[in-house]
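Remarks on the structure that follows.
The values are calculated or read from the model by the stated rules, or taken from the named source; none is laboratory data. Note that the structure is predicted; figures quoted are calculated from it, not measured. Note: ideal-geometry Cβ built from the backbone for every residue, glycine included; neighbour counts use all protein chains shown.
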Amino acid sequence: MKIVANDLYVDVDVDLVREIMAIIDWFSPSVHKSLIQKLIRTRCEGVEYGDVVYPVVEVIMASMVQLMLNPGVFVPNIRRFVTGIESLTKRLAVTIFEDSYIANTELLMELMAAGLLAQTDRESDHINKCI
């Protein structure tokens, strides 16, 4: 599968993403958010597990999918339930803003808007298109 973003193409091995998902399926939403941000921040090329080094793109994709599919958790500090999709959209926007660069800042606004929309409408097509 090829992912297109800002005229850049990234090949993603879907089978490898599934393999990684099986390894990290026990991670909590907070661990997924942290992993995604740390991998983007450090700009590493791979993640080692056992004797295998997995490409970072597939690890990020696997963690994003796991987080997206997570039904969510209750967050005591804000006294409400936060879905995985809301967590992912907001964390991606913050991570890109803090630790990366994107020329089209409208995409950051779309991610934040998708996070707000996820609070009230988990089935929105806009959220899926944004991600």
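Pick out the one residue from LEU88, LEU67, LEU111, LEU92 that is under 23 Å from ARG41 (Cβ atoms), in a helix (DSSP H, G or I) and more than 9 Å from the chain's Cα centre (by Cα).
LEU111
Just to be sure, is GLU98 of a type outside the set (A, V, I, L, M, F, W, C), surrounded by fewer than 18 Cβ atoms within 10 Å (Cβ to Cβ), part of a helix (DSSP H, G or I) and over 11 Å from the mean Cα position of the chain (by Cα)?
yes
Consider the stretch 61-91. How many of its residues are surrounded by 14 or more Cβ atoms within 10 Å (Cβ to Cβ) and either within 18 Å of ILE20 (Cβ to Cβ) or in contact with a Gly (Cβ under 6 Å, 6 or more places away or on another chain) (or both)?
Final tally of qualifying residues: 17.
Mind checking which pairs have a first residue in the stretch 66-84 that is in contact (Cβ under 8 Å) with a residue 12 or more places away in the chain and a second that is part of a loop (DSSP other than H, G, I, E, B) and polar (S, T, N, Q), Cβ under 6 Å, 6 or more apart or different chains?
GLY72/THR83; GLY84/ASN70
Any residue in the stretch 36-51 that is in contact with a strand residue (DSSP E or B) (Cβ under 6 Å, 6 or more places away or on another chain) and free of Cβ contacts under 8 Å to residues at least 40 places away in the same chain?
Among the residues of the stretch 36-51, at least one is in contact with a strand residue (DSSP E or B) (Cβ under 6 Å, 6 or more places away or on another chain) and free of Cβ contacts under 8 Å to residues at least 40 places away in the same chain, which makes the answer yes.
Kindly indicate whether GLU19 is surrounded by 12 or more Cβ atoms within 10 Å (Cβ to Cβ) and among the acidic types (Asp, Glu).
It is true that GLU19 is surrounded by 12 or more Cβ atoms within 10 Å (Cβ to Cβ) and among the acidic types (Asp, Glu).
Taking the condition closer than 23 Å to ALA93 by Cβ, touching a strand residue (DSSP E or B) at 6+ places or on another chain (Cβ under 8 Å) and modelled with pLDDT under 95, does VAL10 pass?
yes
Would you mind stating whether GLN119 is touching a strand residue (DSSP E or B) at 6+ places or on another chain (Cβ under 9 Å), on the phi < 0 side of the Ramachandran plot and assigned to a helix (DSSP H, G or I)?
yes
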